[in-house]
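Let me begin by presenting the structure, written as structure tokens, before commenting on it.
The values are calculated or read from the model by the stated rules, or taken from the named source; none is laboratory data. The structure presented is a predicted model; accordingly, all values stated were derived computationally and were not measured. Here the Cβ positions follow ideal geometry from the backbone for every residue, glycine too, while neighbour counts run over all protein chains shown. Heavy atoms of the whole protein, side chains included, go into the accessibility calculation; ligands, DNA and RNA do not. Shrake-Rupley method; radii C 1.70, N 1.55, O 1.52, S 1.80 Å.
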Amino acid sequence: MLRILRQALRIGVVTEPSPVHDDAELTRLGVELRRQIDARLGGSLAIRHVDVGSCNACELEIHALANPYHDLERFGLHFVASPRHADVLLVTGVVSRHMETALRRTWRATPAPKYVIAAGTCACDGGELGDSYAGHGPVERLIPVDLKIPGCPPAPIDLIKGLLGAFAAR
Amino acid sequence: MSRFDWLSELLVRLEEEHAITRGGDWQGLAPAYRLQLDAADWGTAGRLAAAMGLRHAGLWADPLAPSETPDGVSVIRVQACLCHEGDDLVLETEIPVAHPVIASHTPFYPGVDRLERHAHDLTGVIFNQHPDPRRWTRHRAWADDQYPLRPEFPRAGLGERRTPADADYPFVRIQGSGVYEIPVGPVHAGIIEPGHFRFQAAGEEVLRLEERLGYVHRGIEKLAVGRDPAGLVRLAGRVSGDSTVAHAWAACQALERATGGVLPARAASLRALLAERERIANHLGDIGAICNDVGFAFAHVQCARLREHWLRRNAALFGHRLLMDLLIPGGVVRDLSESEFRQLRQDHAELKRAVAPVFAVIEDHPPLDDRLIGTGILSRADAQALGCTGFVGKASGLGLDRRHDCPVPPYDQLRVEVATETAGDVAARVRVRIREVRASLWMLDRLLDALPAGEIQTPLPTPAPGAMGLGLVDGWRGETLCFVRFGAQGRIARYFPRDPSWFTWPALERLIIGNIVPDFPVCNKSVNASYAGADL
């Protein structure tokens, strides 16, 4: 227990300055996002992630949103386990035909008003994988998409910016 | 012990069984030995190889158009890679498209079960005596008499508008009083890839788990057809996003071997540097996630912090957090400057210092031990039967590592410590990963010490039509195989990436038996097989 406490105290909170990203911008984006969410969604935004044919790179970067550097939850955003609890569907990957029905059902299960965000180049325009006998390409061919966050994969900062864009634009 | 000293024995045994070998050569798929067999002897060869203890490293089918065969008849070429004592043998046979029947290797090698079903779904090869002829990769996006990898099948498909859910897949069910079924997926509760798990449980205990994958089948093999080598490597980097370096390296190696291209020594060392960085990043993330799955958030947060720091350095030095698109046929795209070189050295020393207190806690923390020791045990026999490589095999006592067993540069100049454990449980897989992080950090410094001077890329020679290449590298998840065949004008005619997950997915089905349902997430995470890598 002492070792754990010592390590936790020694490292402290790392959610502040970081060496590479522009931290001022991260904070500004976060504050702005928080304001938007407070104003429009009663203080919290529930996100349901759906992978419909990603290579898993987008998922790794979405995971990184929860790490102590980004700590997305401090802005009122959190990932939920069911589409029935979600305000936003965050969809990654080219829509594989084998996930087509699952995506439609997930979308139907999400209560209105709902936002759909296509994250990653595959979900936005098909990217390297695009059309084939196995895939439909971009997500908007199946369900209406409100916002696209391109990138292969989008870096966590791009995802945060994109999420902000989704609500600032409305 | 000289190289391939087991091959003559296999050939003798084949001859004793009156198997007709149509010739073998060292050129077609060098450095592997290529043995062409009569189709009727395919099963015999599998049986004899299994009896000699050869490991099956995968099987794939390659439909050839009439224009690609000498006598102008459509055939399907079937190839299988077998490994033993660091050497590779490729069995090859051809069967007519009109009657594409061949013996199954699954009775001797349970690990190739799904590879054979995949080959059937995409090319139409019928595997005789296959114990489980259900569809695998095919759901309902194409009909059961259509085969997407046949040359006449259009890339865009045959125009079905909507694909219904694969609702009537015949899962095996256990009947009995108190036995119930839990269906999970394809859309999971967390941020993970899609797949379906069907549990048969009694009380809390799992009696049987059946996986149903293929949900992220993107048609990678068809999308590769007609690409140029650079385009193929970009695609290979997206087979499985967490193994982008491993798959890109395997593809590059296959392309270089097919064309006789020479990889500059500096490029080889830089590739290894990237591969070890990928290994460390994934292990750090997974060690934390495993701890998190049993409620130990401290380790999760600490490991996530270290991983993020590592990824940011990737972005700063190589331009991509996950190291995508850094390998190209014939080399790599980024060199290291003197200051970047120093930066890396400093990073390695820092990470070494930073992991010490975190790993010290993970390795010796009784509440964690309570949950991880004895959980999800994969026996050595099962790991061997399925052909598990990487940390899953190593944790069950199989010390298979291509970096050690049959090293390509720069690993031939490095001491590669193969971290093996014997317990085969989740705790053993965590320990193997911890040891691999330490070993890779050590190797990274040695790679920098001995970084050769010179070019980082050379142009790939023009490939001959029909040229084939086999790439095999040890990625963070295990042995990653890549087969490439060229068509006309230097375009790819066949690409098959075989992720190590093909063999660790069935391992998960075995190691979960007898565990409680709530321990499934931690067992699954400790194996961390790739959905995308195996769905293709």
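Some notes on this structure:
- Treating each Cα of chain B as an identical point scatterer and summing with the Debye formula, the log10 of I(q)/I(0) at q = 0.07, 0.10 Å⁻¹ comes to -0.38, -0.81.
- Multiplying each eigenvalue of the alpha-carbon gyration tensor of the protein assembly as shown by 5 and taking the square root yields semi-axes of 38, 30, 27 Å, largest first, rounded to whole angstroms.
- Per-residue HN-Hα couplings for the stretch B:442-448 [Karplus 6.51, -1.76, 1.60; θ = phi - 60°; Hz; x = Gly/Pro]: 5, 5, 4, 5, 5, 4, 5
- The contact between chain A and chain B removes approximately 4900 Å² from the accessible area (both sides summed; 1.4 Å probe; ligands, DNA and RNA excluded).
- Contact-buried residues of the stretch B:140-168, at a threshold of 50 Å² lost accessible area versus the chain by itself: B:Arg162, B:Thr163 (1.4 Å probe; DNA, RNA and ligands ignored).
- Applying 1/(1 + (r/R0)^6) with R0 = 22 Å to the Cβ-Cβ distance of B:Gln489 and B:Asp25 gives a FRET efficiency near 0.30.
- Per-residue ellipticity at 222 nm, computed for the protein assembly as shown from helices alone with -39500 (n - 2.57) per DSSP H run of at least four residues, works out to -12000 deg cm²/dmol.
- Measuring heavy-atom accessible area with a 1.4 angstrom probe and counting protein chains only, the residues of the stretch A:109-132 that give up at least 40 Å² relative to the chain alone are A:Glu128, A:Leu129, A:Ser132.
- A simple count of charges around B:Ala57, restricted to other residues whose Cβ falls under 11 Å of its Cβ and scoring Lys, Arg +1 and Asp, Glu -1, yields +1.
- Euclidean distance between Cα centres, the stretch B:161-209 to the stretch A:139-166, Å: 31 Å
- Residues in the stretch B:488-498 carry Karplus couplings, in order, of 6, 6, x, 9, 6, 9, 8, 9, 9, x, 10 Hz; the curve used is 6.51 cos²θ - 1.76 cosθ + 1.60 with θ = phi - 60°, and Gly or Pro positions show x.
- In range of the label at B:Thr458: residues from the stretch B:406-449 whose backbone nitrogen is under 16 Å from the point 7 Å along Cα→Cβ: B:409-410
- Structural descriptor for chain B: relative contact order 17 percent, calculated from alpha carbon pairs under 8 angstrom and at least 6 residues apart.
- Per-residue mean of C-beta atoms belonging to partner chains within 10 Å, peptide B:233-242: 4
- Cα centroid separation - the stretch B:365-437 against the stretch B:63-125, whole Å: 30 Å
- Residue-normalised accessible area of the stretch A:43-168, given per residue in Å² at a 1.4 Å probe: 29 Å²
- Partner chain coverage, peptide B:360-372 - average Cβ within 10 angstrom: 1
- The modelled label-to-label distance for the pair B:Ala356/B:Ala51, using points 7 Å beyond Cα in the direction of Cβ, is 5.6 nm.
- Calculated FRET value between B:Tyr169 and B:Ile513, using beta carbons and R₀ = 22 Å, to 0.05: 0.60
- For the stretch B:273-357, carbon and sulfur atoms together expose 53% of the accessible surface, with a 1.4 angstrom probe and every protein chain in place.
- Residues A:Arg74 and B:Ala189, FRET efficiency given R0 of 25 Å [Cβ-Cβ distance, rounded to 0.05]: 0.65
- Note, ³J(HN,Hα) from phi for the stretch B:379-393, Karplus 6.51, -1.76, 1.60, rounded to Hz, x at Gly and Pro: 6, 4, 4, 5, 4, 5, 4, 7, x, 5, 10, x, 5, 5, x
- Surface accessible to a 1.4 Å probe, per residue, for the residues of the stretch B:384-464, Å²: 38 Å²
- The fraction of accessible area contributed by carbon and sulfur in the stretch B:7-128 is 52 percent, rounded to a whole number (1.4 Å probe; ligands and nucleic acids excluded).
- Sequence-distant lysines (8 or more away, or on other chains) whose Cα lies within less than 27 Å of A:Lys161: A:Lys114, A:Lys148
- Full extension of the chain between B:Glu204 and B:Val262 gives 15.3 nm of extra length, using 0.36 nm per residue less the Cα-Cα distance.
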